[in-house]
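The values are calculated or read from the model by the stated rules, or taken from the named source; none is laboratory data. Bear in mind that the values here come from a model prediction, so they are computed numbers and not experimental data. All Cβ positions, even for glycine, are placed from backbone atoms using ideal geometry, and neighbour counts span all protein chains on display.
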Amino acid sequence: MRLGLLVLLSLALCAAQTSDNQSHAYFPAPYFDEGENLSSQNCGNETNWRKWKNVLVEIKRAGYFCMAPLIIISQRSILGLGHCRRGFTSASDLRVFPYNCGGRTTEEECIRQSVKVLDVIEIAINLTASKTLMIYITEKMPSEVVAPICLFNRDNVMDLKLQTESSYFEWHSLLSVPPNEGIKAVLSNCSRVLNRTELEHLKTNRIPIQNILCVENGTNFNKYLINFYKGRYFLRGIRYYGLERIPVYLDILAYMDEITRHAKDIYALRPIPQTKQPRGFTAPDNLSFPNCGSNPTSTRRKRGNDDSSEESKGTKFILHGTIAQRGNHPWHAFIKNSETRTTCGGTLISPTVVLTAAHCIDESEAEDFIVTIGMYDRRQRTAPGVQRRLVRSLTVHPKYNDTETKSDVGIMILSEKISITAHARPICLWNEDSNLTRVAGTEAMAVGFGLVDNHTRTDELQEARLPIRDHKECYLSSRRFFAKHLRPGDNFCAGYTNGTTTCNGDSGGSLSVEKDGRWFIRGIVSFGKSKKVKLVDGNEAWYCHQNYYSLFADVASYMDWIVENTPEISFRN
């Protein structure tokens, strides 16, 4: 195999003048970390610009090198357009060569620097096949040869006051000069500078105009839109070769969530959605059900745990809590599936409706379940105040995703009404907006019959006070895990890292907040990080990891759906 010399090309950029750069769509700044907020450690260093330049992808099956826009964003990830997808059927057909193999090393040295491609991921966006975004997952590339550029880490508001210190440049990897030695790029609102024919071209290729950036007086030769800020280079856009008159770049901010979730060694907190405003209920004082959420003051006894294990993946699952006092949680439901012999928790929100986790009821039949309300000791299922009901119907949230445990919310309609007593009473549904910041730091109450010490089942109902954690605090506690599983607007985390947490068997139970003497459900026990535990009998099993926060489905984000599916509850007109 022989690599040809790459000819360095020169480019003369025309001087540009300041123009209207107001954006008609807003993309928030990605959140990588609390330091410089960089997508990769020491990325985009201005002294390493040669190392994040273009790489060559050899397509072995087709026998040629692909020269598509490809740029290194981590030691194991390359981002680019989909030109290279032609000619290969699997990642094994590909091999990556660092750009500086071209004429600066021997063929043998260059082969030693090459790395295997392990996976090729297509970002699901509205682009034609050859222009889709692709991520190439590789073996770890040698740091002495390559270094990643930074992904853009601010929002897309082009503040004219910062242009002198945060400049944009069109750049091509074949240039022998760094981007900031060229002419500044003038970013413009595409809807203002593109003509009707060009706009129709974008529409035909299903490219949302808010997801692109246009550069006035630019050139079609360049591949990347680079931002230079405080001595670092940030990738902002990748060239879309569709228009001749105005250079158009795909704004990676529009696809940042997908990019960071699929790339290796890059972690980012998913965007935090706008706050959902509260809606009033028909009951007085904005309550979902009359006299909901009231109970006596609780007393608690401690329990402990002494596990040792190795951490691993996530699991659906109160550890290090206390024994609940009878009458303290009259809304807690004990859910048993007679078919699978599994148990979950739930919460009574009206005389006939129990709110639970979708994964507790998904792919099951209503007749498989028995729901018990008012039970505090599983050995006393016929104690005074205990009520048992069959289930008439099950409803799983339509967007529930078992693979990702997304929209983990479900509803059970009981066959008969629960009699409202001191031991059986609905909790109040959340009646404020969905802004998690308002309740972050608040001690919330979790209850359940899940695993306790030595990962054994408890006979007595357990409770634990768990602080609700801000999304950023949760994410930073374990970036790798929560970058994948934390979804602001869908779920949130709560708990401690000292051993107190929800565990296997607590799924579907409530995480509630006390306000003015009433309890309101804010979360549903969903899942958390798990670990492999060696049991007394020598076997191993996956159980909750007590040193990580647990995740809860955010009830505030699903209020409309919950009310629509609860016959006895409605909003004010």
Confirm whether Lys399 is of a type outside the set (S, T, N, Q), within 21 Å of the chain's Cα centre (by Cα) and modelled with pLDDT of 95 or more. yes
Can you spot a residue in segment 305-324 that is assigned to a loop (DSSP other than H, G, I, E, B), surrounded by 20 or more Cβ atoms within 10 Å (Cβ to Cβ) and at pLDDT 85 or above? no
So which residues in segment 381-398 are part of a strand (DSSP E or B) and hydroxyl-bearing (Ser, Thr, Tyr), if there are any at all? Ser393, Thr395
Give the residue that is modelled with the lowest pLDDT, with candidates limited to residues of segment 454-491 that are part of a loop (DSSP other than H, G, I, E, B) and under 14 Å from the mean Cα position of the chain (by Cα). Ser478
May I ask you to verify whether Thr282 is surrounded by fewer than 19 Cβ atoms within 10 Å (Cβ to Cβ) and of a type outside the set (Asp, Glu)? yes
Given the conditions (1) polar (S, T, N, Q); (2) more than 23 Å from the chain's Cα centre (by Cα); (3) crowded, with 24+ Cβ neighbours inside 10 Å, and given that Asn498 satisfies all but one, which numbered condition is not satisfied? (3)
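Can Asn547 be described as of a type in the set (S, T, N, Q) and modelled with pLDDT under 90?
yes
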Could you please find all residues in segment 399-447 being in contact with a strand residue (DSSP E or B) (Cβ under 8 Å, 6 or more places away or on another chain), surrounded by fewer than 16 Cβ atoms within 10 Å (Cβ to Cβ) and outside any loop (DSSP other than H, G, I, E, B)? Glu443
Return the pair list, or none, for Cβ contacts closer than 8 Å from residues in segment 256-268 that are more than 10 Å from Ile123 (Cα to Cα) to residues that are surrounded by fewer than 22 Cβ atoms within 10 Å (Cβ to Cβ) and acidic (Asp, Glu), at least 6 apart or on different chains. Ala268/Asp257
Selection within segment 104-149 - at pLDDT below 65, part of a loop (DSSP other than H, G, I, E, B) and within 32 Å of the chain's Cα centre (by Cα): Ala124, Ile125, Asn126, Leu127, Thr128
